[in-house]
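Colleague: Here it is, the structure, as structure tokens.
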Amino acid sequence: MKEYLFQLLESGGNLDFQTIFLRFIVTVVIAAFIFLSYRLSHSGSIYSTKFNVSLVVLTLITTMVMIVIGNNIALSLGMVGALSIVRFRTAIKDSRDTVYIFWCIVVGICCGAGDYLVAAVGSAVVFVVLLLWGRIRNDNRILMILRTARMNESRVEALLFQYYGGKAILRAKNTTEESVEFIYELSGRYMNKQNKAQTKSITDAVYEIGNIEYLNIVRQNDDISG
């Protein structure tokens, strides 16, 4: 029994050169589709060529690790223990990047284990899904930061309600004896729509009240440009 367990722990894959080469070729082909998918779904300043190339390399490295592990249980346990101490501190710019990293790892595992059909069919489905919905962007949020005299407090609130109704959400209201500061949040799409419907811009309407210290309009976007 002890000899059987020892042989099981020491057993390896014993793959020939042709099999190893074939697994890497399939990995490269599927990784090219991942590269293309990332390029199509990430447009503008958020696209990073270096990160895209890293995805291809990650797929190849995962395949290499799976080939090395093979059927060797002892080696696989040691590899898991070694990888568990690794800490990745690279900031993810976009939530979709996590999907691509996981996609690359899964493809590398499938190709390294020789499950080409699973890797190919699964990647084709993921490619189509990301091609259809990968370019969706979150609607930009607008922050309106306005500071004025205390005597204009009710007039400012009435003006913003007139322009945007309940869509302009009051996030903060800071007051002193002489001044008041408002921080409103609303959808960028709705703000643009309402501004076109009004004969006068919100900036002109606010400054017509008088005693306005400043009006800042800040656009928030979940996508971080790199």
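Coordinate-derived values only; no laboratory data. Keep in mind that what you see is a predicted model, and the values were worked out from it rather than measured. Ideal geometry is used to build each Cβ from the backbone, glycine not excepted, and the neighbour counts take in all protein chains shown.
Colleague: In terms of the Cα gyration tensor, with a ≥ b ≥ c the square roots of its eigenvalues, is the stretch 141-220 rounded because a/c is under 1.5, prolate because a/b exceeds b/c, or oblate? Walk me through the numbers on the way to the answer.
Modeller: Values: a/c = 1.93, a/b = 1.43, b/c = 1.35.
Taking the square roots of the gyration eigenvalues as a ≥ b ≥ c, the stretch 141-220 is prolate.
Colleague: Peptides 124-130, 181-187, 109-115: what's the order by average Cβ count within 10 Å, highest mean first? Show your work: numbers first, answer last.
Modeller: On the way: 124-130: 14.9, 181-187: 18.3, 109-115: 20.7.
Packing proxy ranking, top to bottom: 109-115, 181-187, 124-130.
Colleague: Let me ask something else about it. Order of Tyr38, Tyr214, Tyr163 from fewest to most other C-beta atoms within 10 Å? Walk me through the numbers before you get to the answer.
Modeller: Working: Tyr38 25, Tyr214 9, Tyr163 20.
Lowest to highest Cβ neighbour count: Tyr214, Tyr163, Tyr38.
Colleague: I've got another one for you. What ranking do Thr203, Thr176, Thr148 get, fewest neighbouring Cβ atoms within 10 angstrom at the top? List each step's numbers first, then the result.
Modeller: Numbers: Thr203 13, Thr176 9, Thr148 22.
With the fewest neighbours first, Thr203, Thr176, Thr148 line up as Thr176, Thr203, Thr148.
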